Amino acid sequence: TNTLNGKVALVTGASRGIGAAIAQRLAADGASVALTYSHSKDRAEEVVAGIRSAGGRAHAIQADSARDEDIAAAVDETVRALGGLDILVNNAGGGTFGPVQELPLDAIDTMINVNIRGVVVGIREALRHLPDGGRIITIGSINADRIPFPGGSVYGMTKSAVAGLTRGLARELGPRAITVNNVQPGPTDTDANPADGPMSSSMLGWMALDRFGRSEEIAAMVSYLAGPEAGFVTGASLDIDGGFGA
Ligand code: NDP
């Protein structure tokens with residue numbers, strides 16, 4: 001613990017679910033944490049209040065990851081409010097599932113804009129501030145590599161895209177010792193994919209472990225990647241999926 005003392009992290013999409021757990025964990029590790037949300041102001045403020053009451057430093061920012069100007073403003077506000085930026089966690093994202101011919105084009109645009117474009121724009125903005133040895137971590141999905149049901153083609157495409165981005169950027173930023181990694185969760189119990197939801201028994205059928213993941217488990221892998229012991233891990237897509245991809 002406290003391996004991130006003195007560091008500043010920005011976690012996108014952290015009012016709920018995996019992002020909220022990441023923000024809480026990085027704060028518990030000692031980082032000052034800025035977190036973005038799109039709509040859930042109250043939930044985001046609850047996450048901030050929880051971190052503050054545990055003695056940490058946190059700041060919530062409304063920023064739609066589909067909007068370039070919101071992302072730029074969130075990075076600027078992080079630096080202004082917390083004094084810098086050392087760790088970027090691209091977590092905001094989601095999926096609309098259905099046969100490709102039936103998916104509305106605006107749902108396809110949203111997946112591409114948030115899951116891919118928002119990640120690229122966030123990285124471009126963060127790179128104006130990240131010091132040598134900084135960290136870039138993206139939350140992809142095991143669906144980049146395995147998608148054993150129909151209806152996830154575009155979502156899977158967006159998560160494969162960030163895996164490719166991660167490999168290329170690791171090469172670009174290696175000379176500055178900035179590591180770039182992609183965490184690929186499997187089914188994780190959140191509002192987006194509840195463990196008691198309609199897809200739950202199908203999901204378990206594709207997994208080695210007979211349970212969904214917990215957001216805190218994903219956050220623990222992010223904590224490792226953000227920390228000083230992970231300086232030799234870069235360009236990697238790391239599965240944390242209960243064996244979904246096995
Ligand atoms: P949730 O839907 O539970 O939470 C999504 C979070 O992201 C919320 O805080 C939401 O904010 C925020 N968000 C959504 N869209 C935007 C946007 N356009 N701009 C800013 N913030 C946004 O999702 P999960 O926690 O389940 O998923 C988090 C990440 O993990 C996603 O990238 C997802 O693809 C990935 N993932 C999830 C898996 C799972 O099984 N849960 C499996 C594999 C990957 P607000 O509350 O304001 O809407």
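The residue of region 40-70 that is least open to solvent (accessible area, probe 1.4 Å), among those that are of a type in the set (G, A, S) and away from the ligand (no atom under 13 Å from the Cβ), is A58.
Counting only helices (runs of 4 or more DSSP H) that fall entirely inside region 89-179 and contain at least 3 residues that are in contact (Cβ under 8 Å) with a residue 12 or more places away in the chain and open to solvent by 40 Å² or more (accessible area, probe 1.4 Å), the qualifying elements are 153-173.
Candidates in region 205-237 are the residues that are closer than 22 Å to Y155 by Cα and open to solvent by 50 Å² or more (accessible area, probe 1.4 Å); of these, the one that is nearest to the chain's Cα centre (by Cα) is R214. Residue count for region 180-195 satisfying the condition of being within 12 Å of the ligand (Cβ to nearest atom), buried (at least 23 other Cβ atoms within 10 Å of the Cβ) and of a type outside the set (V, I, T): 5.
Counting only residues that are near the ligand (Cβ under 10 Å from one of its atoms) and either of a type in the set (K, R) or part of a helix (DSSP H, G or I) (or both), region 9-39 holds 8 of them.
The values are calculated or read from the model by the stated rules, or taken from the named source; none is laboratory data. Just so you know, these numbers come straight off a predicted model, no measurement behind them. Cβ sites come from the backbone with ideal geometry, for glycine too, and all protein chains shown count toward neighbours. These accessible areas exclude ligands, DNA and RNA; they are computed on the full protein's heavy atoms, side chains included. Shrake-Rupley method; radii C 1.70, N 1.55, O 1.52, S 1.80 Å.
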